[in-house]
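See structure below.
Just so it is clear, none of the values below were taken in a lab; they were calculated from the coordinates. Everything quoted here is computed from the prediction, not taken from an experiment. Note that we place each Cβ from the backbone using ideal geometry, even for glycine, and neighbour counts take in every protein chain shown.
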Amino acid sequence: MEQIPSEPSSLPPLCNYENSDYQTTFWEQGGREYEDQAEAIALKHLLPRQGQWLLEIGAGAGRNTPRYHAFQHIVLLDYSLTQLQQARARLSAADSPPLSSDGFARYIYVAANAYRLPFAPHSFDCVTTIRVLHHLADVPLAIQEIHRVMSNNGVLVMEFANKHNLKAILRYWLGKQTWNPFSLEPLEFVKLNFDFHPSWMEQQLTQNGFTIQEKRNVSSLRLGILKKVLPLSSLVHLDALLQPSGKWFQFAPSIFFRASALHHSASPSQSSSFLVFACPQCRTYPLTSTPTAYICPSCGHEWSIHDDIVDFRIG
């Protein structure tokens, strides 16, 4: 039995999508086919070509999950039980293989707080956070947690809303907005909705053990007029051409980073087909498993399992 050093018991507030029809109203009926396909292109370029364990933080209803096909096991993590239930139904309906080639579950559903990930250190060789960070009040704390659960040289693919986008800069120069897109501090424009300066985000990553490998501009053409006059295929093709320009400057409303996790004591990627859960309350691992719960041998807390979803939520 091992224990991870604990953190303060009070955690930042979370944006909870419980009982939301976000997948339907925002993506399927919201006219965002262009953004969805642009993100698919970015993921194709940034994701490792193969891997064992991938953690998808803020998986929601599983919109991006099928794009992680190169990985043996995918852990879908979200704070909302209903979002994970939608993801489970969506992936089952798509006839996705329930088992990976090693005979163990391909998809694992976990309800948990992003500030207290319920996994042992060095569990994942890849982590993704797409359209998640803009809801986090304490990004540095989340990045510390992500780094803790990643193997040495593991790959983080993250997306964030860009405060320093071209539209915001032009509006600021024309006096149409008061906030400064050049200042580094995060902008909370609506409660628990943040925009971030790319330089600030890079600072948080480098200060918490990551090395930036690639930057991409995504959804650069996210304007109503362009969606009306240009075919979807043209928008997506142009976006693909613009994405690599993120290497030099970040002007798009959505920015993707690929970063590598470095640990002072090198640890190999987890090669086991088993995922080691850790108690998010006291940080002990491994846990004792039963058909209906995971039980912490240290603090005695029981974390229930229902609808194939392990409920580790705290805070």
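Considering only DSSP beta bridges with both partners in region 2-311, what is the antiparallel share in %, to the nearest 5? Intermediate results must be reported in sequence, preceding the final value.
Working: 29 of 53 bridges.
Percent antiparallel among DSSP bridges in region 2-311 is about 55.
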Find how much the distance from Gln213 to Asp308 grows on full extension, using 0.36 nm per residue of separation minus their present alpha carbon separation; answer in nm with one decimal. 30.6 nm
Modelled label-to-label distance, Val276 and Ala293, 7 Å Cα→beta-carbon offset: nm? 2.4
Using alpha-carbon positions, what is the distance between the centroids of region 21-83 and region 97-140, in Å? 12
Output the lone cysteines of the chain: those with no second cysteine's C-beta under 4.7 Å from their C-beta. Cys15, Cys126
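What's the exposure ranking of Leu76, Leu223, going from fewest to most Cβ atoms within 10 Å? Walk me through the numbers before you get to the answer.
Values: Leu76 27, Leu223 14.
In order of increasing Cβ crowding within 10 Å: Leu223, Leu76.
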Compute the length gained on full extension between Arg32 and Asp138: take 0.36 nm times their separation in residues and subtract their Cα-Cα distance, giving the result in nm to one decimal. 35.4 nm
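Decide, for region 158-315, between rounded, prolate and oblate: order the square roots of the alpha carbon gyration tensor eigenvalues as a ≥ b ≥ c, take rounded if a/c falls under 1.5, and otherwise choose prolate if a/b is larger than b/c, else oblate.
Numbers: a/c = 2.14, a/b = 2.10, b/c = 1.02.
Prolate.
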Between Ser234 and Lys176, what is the FRET efficiency for a Förster distance of 30 Å, r being their Cβ-Cβ separation, to the nearest 0.05? 0.60
Going by C-beta contacts inside 10 Å, put Arg90, Arg63 in order with the fewest on the left. Arg90, Arg63
Which lysines have a Cα lying under 27 Å from the Cα of Lys228, excluding residues fewer than 8 positions away in the same chain? Lys44, Lys163, Lys167, Lys176
With a point put 7 Å past each Cα toward its Cβ, work out how far Leu187 is from Ser245 in nm, to one decimal. 1.9
Going by how many other Cβ atoms sit within 10 Å of their own, how do Asp239, Asp78 line up, fewest first? Asp239, Asp78
With n ≥ 4 as the cut-off for DSSP H runs, can you work out [θ] at 222 nm for the chain, using -39500 (n - 2.57) per run divided by the number of residues, rounded to the nearest 500? -7000 deg cm²/dmol
Pick from Ser298, Ser123, Ser101: which is most flexible by mean-square fluctuation in a GNM of the chain where alpha carbon atoms under 10 Å apart are linked? Ser101
When the chain is modelled as a GNM with alpha-carbon springs shorter than 10 Å, which of Phe194, Phe124, Phe182 fluctuates the most? Phe182
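Rounded, prolate or oblate, given the Cα gyration tensor of region 35-158, with a/c below 1.5 counting as rounded? Write out the running numbers ahead of the final one.
Working: a/c = 1.29, a/b = 1.21, b/c = 1.07.
Verdict is rounded for region 35-158.
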